[in-house]
Amino acid sequence: KEPHMYRNIMVPIDDSHCSSRALDEAVRLARATGSNLEIIHVIDYGFLRVRAHGGELEEEHQHRVAAGNALLVKARHHAERAGIKFTERLLDDKSTLGDVANRLIHDIQDSKPDLVVIGTHGKSGLQRVVLGSVAETLVRHASVPVLVVRGDIPLAEEVAAGQSTTSA
């Protein structure tokens, strides 16, 4: 029996359109290859750099954890409907201080997926500099292949079905 090209595919998710499209592609790949899909969400603690009020911080933390868990539930339903094997994780590490990309790099080193699928807005120039780019950091520094899915370009199955998306 020939080994699968991908046994474990990681897909970091957030609440963006491009992340949703990356999840769609990761689910499609996992289904096609019989791979396990590892769905992760990193709590972004960048707000700790600008605010530091005790009660307010705990409330913000609870809000972000609840939002992250809601994203994972939605992703879980998507994976279950596709009939694929999957795991899900919430990375809740205050020491990241907003450096989601670096936290993901460390997690990739630990969990050793065969492929990472991540969404990007497809912005360039000043927009990318201002917004930062987790996808670009992963492409440059991850120890495994990274498939970048743009939020503004139709996926192959959408083109085949005659669908088109224009929102990014």
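The values are calculated or read from the model by the stated rules, or taken from the named source; none is laboratory data. Because the structure is a prediction, the values reported are computed rather than measured. Methodologically, a virtual Cβ is constructed for each residue, glycine included, from the backbone with ideal geometry; neighbour enumeration extends over all protein chains shown. Ligands, DNA and RNA are excluded from the accessible area calculation, which covers all protein heavy atoms including side chains. Shrake-Rupley method; radii C 1.70, N 1.55, O 1.52, S 1.80 Å.
Below are the figures for this structure:
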| quantity | calculated |
| --- | --- |
| Inter-probe distance in nm under a simple model that places probes 7 Å from Cα toward Cβ, at Leu91 and Asp114 | 2.1 nm |
| Taking N as its residue count, the alpha carbon Rg of region 1-49 over 2.2 N^0.38 Å | 1.44 |
| Hz values of 3J(HN,Hα) by residue in region 137-144 - Karplus curve (6.51, -1.76, 1.60), Gly and Pro given as x | 4, 5, 4, 6, 10, 5, 8, 9 |
| Å² of accessible area per residue within region 13-89, as computed with a 1.4 Å probe and no ligands counted | 51 Å² |
| Mean projected area (nm²) of the alpha-carbon convex hull when region 18-78 is viewed from all directions | 4.9 nm² |
| At R0 = 30 Å, FRET efficiency that the Cβ-Cβ distance of Arg76 and Arg140 yields, to 0.05 | 0.50 |
| Once the Cα gyration tensor of region 36-123 is diagonalised, semi-axes √(5λ) in Å | 26, 16, 12 |
| Mean separation of Cα contacts under 8 Å (6+ apart) over length of region 1-105, as relative contact order % | 34 percent |
| Electrostatic dipole magnitude of region 5-113 [Cβ: Lys, Arg +1; Asp, Glu -1; Cα centre; debye, to 20] | 520 debye |
| Sequence-distant residues sharing a close amide H with Asn8 (under 5 Å, placed H) | Asn36, Asp114, Leu115 |
| All aspartates and glutamates inside 16 Å of Lys85 as judged from Cα atoms, apart from same-chain residues fewer than 8 positions distant | Asp24, Glu25, Glu38, Asp114 |
| Table column - 3J(HN,Hα) (Hz), region 76-85, Karplus curve with 6.51, -1.76, 1.60, x for Gly and Pro | 4, 4, 4, 5, 5, 4, 7, x, 9, 7 |
| Amide H contacts of Ile39 (H built 1.01 Å from N, under 5 Å, at least 5 apart or other chain) | Val11, Thr87, Glu88, Arg89 |
